[in-house]
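*Asks:* Quick one: the structure is below, questions incoming.
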Amino acid sequence: MSAQVDTESWTARELRQALSASPEVKGWIVTEEVLTRRERYFLAGAEVDQDREARAHSIQARIFVRLSDPKRQGEISKKFFPALPLGPQVTSAVAGAKLSSTESWELPTELPKSVPVVRSADPGIAEDVDRAMESMTKEVRDAVSELRHQGVSGAEARFGSGELFVSLHERELTLSNGLSHRSLQTRVYAEAAYVSKHGERGDEYLKTAWSVGREGISIPELFRECRDASLGMLKVRAPVAGRYSVIVDTEVLSLLFSGIVSQLTAQNAYHKLPFVEVGGAIVPEAGPGADRITLRIDPSLDLGADAVALSSAGVVQRPLTLIEQGRVVATASDPQYAAYTSRPVSTTRGDVVVSAGTRTHDELTREADQVLEILQFSALFADANTGTFSSEIRLAKLYDRKTGEVEFIKGGSLSGSITENFRGLRLSSETCRYATFSSDSPVGRGYHGPKYALLTDVTVSS
């Protein structure tokens, strides 16, 4: 890797050599990452409040050790710190690994003859992070200026604050079987907060977006949607308790479909967690007219949040269809759990791709006498094992087909489950891409599919 810092006392190469020299270590996976990131925080008027530059170098190792029972092995995942002596860290890691015991398995012995070329970095950002930040900063200022001059009768909405992060992640994956692979990933994060006021009433609305490249985020659209939603907050009423047809967007769909994918893995099968075998139905009692789900995981999508050529175990990743018209047709199995469950090794990484439906968003809003469209949850909770989900409603729209009125709704809570509320699933014909990342994981969650979905018979409490 290109990154070195003054406090380093050893390199990732020396760590690999130390692990290979240990008679107790049977294998290892070392991931090295160099992060370059720019951060800007904006106040009212789009003035820059804080401007930060960060550079970090991290080394993570997954270490497998021999135990007295040849059918068992120990394992540990540990972050190593180049500023500290290497020997004691290796000794501590090996000792920690020996405290665990799992079924023995092996890293692939045959290296891939060719590795797919995956576009996981925006070329403009990878070439110059600073220049990309300056260009997107101009977009922020232009968006704030344009919206400032668009008056709204009887109410005021002004830009309160914003954030913009642009980062480049340089990674090198090395395995004890001799495989080594380098990759790049870029990330963009944008956030806008608008404050609305009408007389004595006032509220704030926050909207965020992630992307791998600049094309994945429209700053003008993000800021406009945030401004409009903040104005909607001034006209809200509480929901009437009952059961509704509910429209959710890509953020919710990404989380729910990711939970479905977890139930199609050999890992879930081995640990006796909820698992749907090949031939099983995702929604056993799908109703007439419901859209049947066709889903694949695709690690080859340009600028996908989980666009990768190889898994961490060194397996080439290619598009894999898991569900065809509501029926499971494959199981995602990495080398470890494939060995445990006697299944073939397959793809386990990639963005979730769902086939589009046939109904427009407008048609979805007229599927029932009353349709509730969720614009934002306070914090959606989704249990991948049970398929249940729930949250307080931060902001929603209620479409009343009989009166022709559209009202803003806030408060109350929504709860449901995939098994029950996907029975009458309707997927939109409009599609979009969605990405999200968390600071505690190098793996992003990506979704490409219907922009909206209508769930039926969802419980809403006031």
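The values are calculated or read from the model by the stated rules, or taken from the named source; none is laboratory data. Everything numeric here is computed off the predicted structure, so don't read it as measured data. Don't worry about glycine lacking a Cβ; one is built from the backbone with ideal geometry, like all the others, and counts go over all protein chains shown.
*Asks:* Working only within the stretch 77-112, note down all residues that are within 18 Å of VAL30 (Cβ to Cβ), assigned to a loop (DSSP other than H, G, I, E, B) and free of Cβ contacts under 8 Å to residues at least 60 places away in the same chain.
*Replies:* PHE81
*Asks:* Which of the residues belonging to the stretch 30-53 are assigned to a strand (DSSP E or B), more than 30 Å from SER77 (Cα to Cα) and of a type in the set (A, V, I, L, M)?
*Replies:* Of the residues in the stretch 30-53, the ones assigned to a strand (DSSP E or B) are 30-43, 47-53.
Pick out the ones that are also more than 30 Å from SER77 (Cα to Cα) and you get 40-43, 47-52.
Correct list: LEU43, VAL48.
*Asks:* Oh, and also: Restricting to the stretch 385-394, count the residues that are of a type outside the set (Val, Ile, Thr), part of a loop (DSSP other than H, G, I, E, B) and either at pLDDT 95 or above or out of contact with any helix residue (DSSP H, G or I) (no Cβ under 6 Å at 6 or more places or on another chain) (or both).
*Replies:* Step one: list which residues in the stretch 385-394 are of a type outside the set (Val, Ile, Thr), which gives 385, 387, 389-392, 394.
The next check asks that each one be part of a loop (DSSP other than H, G, I, E, B); those that pass are 385, 387.
Of the ones still in play, those that are also either at pLDDT 95 or above or out of contact with any helix residue (DSSP H, G or I) (no Cβ under 6 Å at 6 or more places or on another chain) (or both) are 385.
Counting residues in the stretch 385-394 that are of a type outside the set (Val, Ile, Thr), part of a loop (DSSP other than H, G, I, E, B) and either at pLDDT 95 or above or out of contact with any helix residue (DSSP H, G or I) (no Cβ under 6 Å at 6 or more places or on another chain) (or both) gives 1.
*Asks:* Still on this structure, please answer the following. Determine which single condition GLU251 fails, assuming it passes every other condition in (1) touching a residue at least 12 places away in the same chain (Cβ under 8 Å); (2) under 21 Å from ARG394 (Cα atoms); (3) outside the structural domain of THR436 (by TED's automatic domain parsing).
*Replies:* (3)
*Asks:* Could you please let me know if PRO116 is over 23 Å from VAL308 (Cβ atoms), surrounded by fewer than 16 Cβ atoms within 10 Å (Cβ to Cβ) and either aromatic (Phe, Trp, Tyr) or touching a residue at least 60 places away in the same chain (Cβ under 8 Å) (or both)?
*Replies:* Working: over 23 Å from VAL308 (Cβ atoms): no; surrounded by fewer than 16 Cβ atoms within 10 Å (Cβ to Cβ): yes; either aromatic (Phe, Trp, Tyr) or touching a residue at least 60 places away in the same chain (Cβ under 8 Å) (or both): yes.
It is false that PRO116 is over 23 Å from VAL308 (Cβ atoms), surrounded by fewer than 16 Cβ atoms within 10 Å (Cβ to Cβ) and either aromatic (Phe, Trp, Tyr) or touching a residue at least 60 places away in the same chain (Cβ under 8 Å) (or both).
*Asks:* Show the residue pairs that are 6+ apart or on different chains and have beta-carbon atoms under 6 Å apart, the first residue being within the stretch 362-373 and without any contact (Cβ under 8 Å) to a residue 60 or more places away in the chain, the second being in a helix (DSSP H, G or I).
*Replies:* Nothing qualifies.
*Asks:* Name the residue, out of GLY357, GLY304, that is within 23 Å of LEU179 (Cβ to Cβ), under 24 Å from the mean Cα position of the chain (by Cα) and not acidic (Asp, Glu).
*Replies:* Being within 23 Å of LEU179 (Cβ to Cβ), under 24 Å from the mean Cα position of the chain (by Cα) and not acidic (Asp, Glu) holds for just one of GLY357, GLY304, which is GLY304.
*Asks:* Of all residues in the stretch 113-165, which are acidic (Asp, Glu) and either touching a helix residue (DSSP H, G or I) at 6+ places or on another chain (Cβ under 6 Å) or in a loop (DSSP other than H, G, I, E, B) (or both)? Walk me through how you get there before you give the answer.
*Replies:* Filtering the stretch 113-165 down to residues acidic (Asp, Glu) leaves 122, 127-128, 130, 134, 139, 142, 146, 156, 163.
Of everything in the stretch 113-165, those that are acidic (Asp, Glu) and either touching a helix residue (DSSP H, G or I) at 6+ places or on another chain (Cβ under 6 Å) or in a loop (DSSP other than H, G, I, E, B) (or both) turn out to be ASP122, ASP128, GLU139.
Each row is one residue, and each column tells you yes or no for (1) in contact with an Asp or Glu (Cβ under 9 Å, 6 or more places away or on another chain); (2) surrounded by fewer than 18 Cβ atoms within 10 Å (Cβ to Cβ); (3) over 30 Å from PHE159 (Cβ atoms).
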{"residue": "ARG16", "(1), (2), (3)": "no, no, yes"}
{"residue": "GLY27", "(1), (2), (3)": "yes, no, yes"}
{"residue": "TYR41", "(1), (2), (3)": "yes, yes, no"}
{"residue": "ALA54", "(1), (2), (3)": "yes, yes, no"}
{"residue": "ILE59", "(1), (2), (3)": "yes, no, yes"}
{"residue": "PHE64", "(1), (2), (3)": "yes, no, yes"}
{"residue": "PRO70", "(1), (2), (3)": "no, yes, yes"}
{"residue": "PHE81", "(1), (2), (3)": "no, yes, yes"}
{"residue": "ALA97", "(1), (2), (3)": "yes, no, yes"}
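*Asks:* Among residues belonging to the stretch 413-439 that are among the charged types (D, E, K, R) and closer than 22 Å to ARG366 by Cα, point out the one that is surrounded by the fewest Cβ atoms within 10 Å (Cβ to Cβ).
*Replies:* The selected residue is GLU430.
*Asks:* Could you please let me know if THR347 is crowded, with 23+ Cβ neighbours inside 10 Å and more than 26 Å from ARG359 (Cβ to Cβ)? So that I can check it myself, show each step before the final result.
*Replies:* Details: crowded, with 23+ Cβ neighbours inside 10 Å: yes; more than 26 Å from ARG359 (Cβ to Cβ): yes.
Taking the combined requirement at face value, the residue satisfies it.
*Asks:* Regarding the stretch 108-119, can at least one residue be identified that is of a type in the set (Val, Ile, Thr), within 30 Å of GLY216 (Cα to Cα), outside the structural domain of ILE217 (by TED's automatic domain parsing) and touching a Ser or Thr at 6+ places or on another chain (Cβ under 7 Å)? First the steps, then the outcome.
*Replies:* Start the filter on the stretch 108-119 by keeping residues that are of a type in the set (Val, Ile, Thr), which leaves 109, 115, 117-118.
Okay, now just the ones that are also within 30 Å of GLY216 (Cα to Cα), so 115, 117-118.
Now drop any that are not outside the structural domain of ILE217 (by TED's automatic domain parsing), which leaves 115, 117-118.
The next check asks that each one be touching a Ser or Thr at 6+ places or on another chain (Cβ under 7 Å); those that pass are 118.
Yes; the residues of the stretch 108-119 include at least one that is of a type in the set (Val, Ile, Thr), within 30 Å of GLY216 (Cα to Cα), outside the structural domain of ILE217 (by TED's automatic domain parsing) and touching a Ser or Thr at 6+ places or on another chain (Cβ under 7 Å).
*Asks:* Would you check which residues across the stretch 14-40 are within 23 Å of the chain's Cα centre (by Cα) and either polar (S, T, N, Q) or farther than 23 Å from LEU310 by Cβ (or both) and list them?
*Replies:* THR31, THR36, ARG37, ARG38, GLU39, ARG40
*Asks:* Starting from the stretch 441-462, take each residue that is among the acidic types (Asp, Glu) and list its partners that are surrounded by fewer than 16 Cβ atoms within 10 Å (Cβ to Cβ), counting only C-beta distances under 7 angstrom and pairs at least six apart or across chains.
*Replies:* Listed by first residue and then by second, the contacts come to ASP457/ARG243.
*Asks:* Of the residues that make up the stretch 370-381, is at least one surrounded by fewer than 21 Cβ atoms within 10 Å (Cβ to Cβ), out of contact with any Lys or Arg (no Cβ under 9 Å at 6 or more places or on another chain) and not assigned by TED's automatic domain parsing to the domain that holds GLU204?
*Replies:* yes
*Asks:* Next question, about the same structure. Among the residues of the stretch 274-283, is there at least one that is part of a loop (DSSP other than H, G, I, E, B) and acidic (Asp, Glu)? Before the answer, list the steps.
*Replies:* Initially, the stretch 274-283 is screened for residues part of a loop (DSSP other than H, G, I, E, B), giving 274-280, 282-283.
Applying the additional criterion that residues be acidic (Asp, Glu) yields 277.
Yes, the stretch 274-283 contains a residue that is part of a loop (DSSP other than H, G, I, E, B) and acidic (Asp, Glu).
*Asks:* Looking at this structure, is GLY162 surrounded by fewer than 20 Cβ atoms within 10 Å (Cβ to Cβ) and of a type outside the set (A, V, I, L, M, F, W, C)? Break it down stepwise before answering.
*Replies:* Numbers: surrounded by fewer than 20 Cβ atoms within 10 Å (Cβ to Cβ): no; of a type outside the set (A, V, I, L, M, F, W, C): yes.
Spelling it out, it is not the case that GLY162 is surrounded by fewer than 20 Cβ atoms within 10 Å (Cβ to Cβ) and of a type outside the set (A, V, I, L, M, F, W, C).
*Asks:* Return the total of residues in the stretch 15-29 being in a helix (DSSP H, G or I) and of a type in the set (A, V, I, L, M).
*Replies:* Taking the stretch 15-29 and keeping what is in a helix (DSSP H, G or I), we get 15-21.
Then drop every residue that is not of a type in the set (A, V, I, L, M), which leaves 15, 18-19, 21.
Counting residues in the stretch 15-29 that are in a helix (DSSP H, G or I) and of a type in the set (A, V, I, L, M) gives 4.
*Asks:* Sticking with this structure for a sec: Check GLY27 against each of (1) more than 29 Å from SER135 (Cβ to Cβ); (2) in contact with a Gly (Cβ under 9 Å, 6 or more places away or on another chain) and name the one condition it does not meet.
*Replies:* Checking GLY27 against (1) more than 29 Å from SER135 (Cβ to Cβ); (2) in contact with a Gly (Cβ under 9 Å, 6 or more places away or on another chain), the one that fails is (2).
*Asks:* Right, another one. Can you pull out the residues in the stretch 323-353 that are without any contact (Cβ under 8 Å) to a residue 40 or more places away in the chain and in contact with a Leu (Cβ under 9 Å, 6 or more places away or on another chain)?
*Replies:* Answer for the stretch 323-353, where residues must be without any contact (Cβ under 8 Å) to a residue 40 or more places away in the chain and in contact with a Leu (Cβ under 9 Å, 6 or more places away or on another chain): GLU324, SER346.
*Asks:* Out of all the residues in the stretch 339-350, is one or more under 27 Å from VAL212 (Cβ atoms), over 23 Å from the mean Cα position of the chain (by Cα) and assigned by TED's automatic domain parsing to the domain that holds TYR452?
*Replies:* Residues of the stretch 339-350 under 27 Å from VAL212 (Cβ atoms): 345-350.
Then drop every residue that is not over 23 Å from the mean Cα position of the chain (by Cα), which leaves 345.
After this cut, where a residue has to be assigned by TED's automatic domain parsing to the domain that holds TYR452 as well, the list is 345.
The answer is yes; a qualifying residue exists.
*Asks:* I've got another one for you. Would you check which residues across the stretch 440-462 are closer than 13 Å to SER245 by Cα and surrounded by fewer than 19 Cβ atoms within 10 Å (Cβ to Cβ) and list them? Before you say what the answer is, go through the steps one by one.
*Replies:* Filtering the stretch 440-462 for residues closer than 13 Å to SER245 by Cα gives 452-460.
Correct list: ASP457, THR459.
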